[in-house]
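The values are calculated or read from the model by the stated rules, or taken from the named source; none is laboratory data. Quick caveat, the model's predicted, so the values are computed rather than measured. Every residue, glycine among them, receives a Cβ derived from its backbone with ideal geometry; neighbour counts consider all protein chains shown.
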Amino acid sequence: MGRRETKKEATQKKILDVSLALFQKEGFGKTAMRDIARKSGIALGTTYNYFPTKEHLALYFFERALDEVMARYRKEEPPDAPLEEKLFLLLSIELEKIAPYEEFLHLILTHAVVPTSRLHPSSLDSQRLKGRYLDFVGKLLEDSKDKGEFASYGFDSMILSAFWVFHLGIMMFWLNDASRKKEETYILLDKSLRFILNALRGKAPPRGRKPRR
């Protein structure tokens, strides 16, 4: 990365860090771009050049989070583990990544339901992030099939679409999980992954196992 790109990335990160702090303290709707610029010590025009709207900031947060989740997964991936353990690890890393921003995510949800919002699940920006994520999961699925863990069904796109719905369900459950250290989410994740993937294998789910953390 060149010097100019390094400086640009550092500026974007500074603006993002300040934004997240303000969003969590003041609220997404009540925080103005002027407040972000002032707190960052960066000219308002420069701030707008990087992020034309607060929604662009939120999308940048999700993009960076995805990059960091995938990078950490690659370092920690257990190469010989079954697919349910790999997916459990992937989603656990995601949950650890977003844990400090729980309040921010609750705020974002109220904006994501607006059909014209860039944060809406059907927006081009959201679909692009979804595509990157499912490409990553698809490679895990392909690797498992190559190892003979699953048959080649020929409807991988349907499986990935179903996994996306499952993934969103886990995230929503986590946001509303009042149990200690969100343990109910991890129990649900462990049991549901084993049930779903054993159903694809045509096997009954094993009993008596404790959830992984």
**Study point:** Asp35 being farther than 17 Å from Lys130 by Cβ and not aromatic (Phe, Trp, Tyr)
**Key:** yes
Point to revise | Residue among Leu66, Leu109, Leu20 that alone is of a type outside the set (Asp, Glu), at pLDDT 95 or above and either closer than 20 Å to Trp164 by Cβ or in a helix (DSSP H, G or I) (or both) | key: Leu66
Point to revise | Matching option when the condition is touching an Asp or Glu at 6+ places or on another chain (Cβ under 7 Å), at negative phi and surrounded by 18 or more Cβ atoms within 10 Å (Cβ to Cβ), among Phe51, Phe88 | key: Phe88
Exercise for review: Would you tally the residues in the range 144-182 being modelled with pLDDT of 90 or more and of a type in the set (Asp, Glu)?
Suggested key: 1
Point to revise | Gly41 being surrounded by fewer than 17 Cβ atoms within 10 Å (Cβ to Cβ) and either on the phi > 0 side of the Ramachandran plot or in contact with a strand residue (DSSP E or B) (Cβ under 7 Å, 6 or more places away or on another chain) (or both) | key: yes
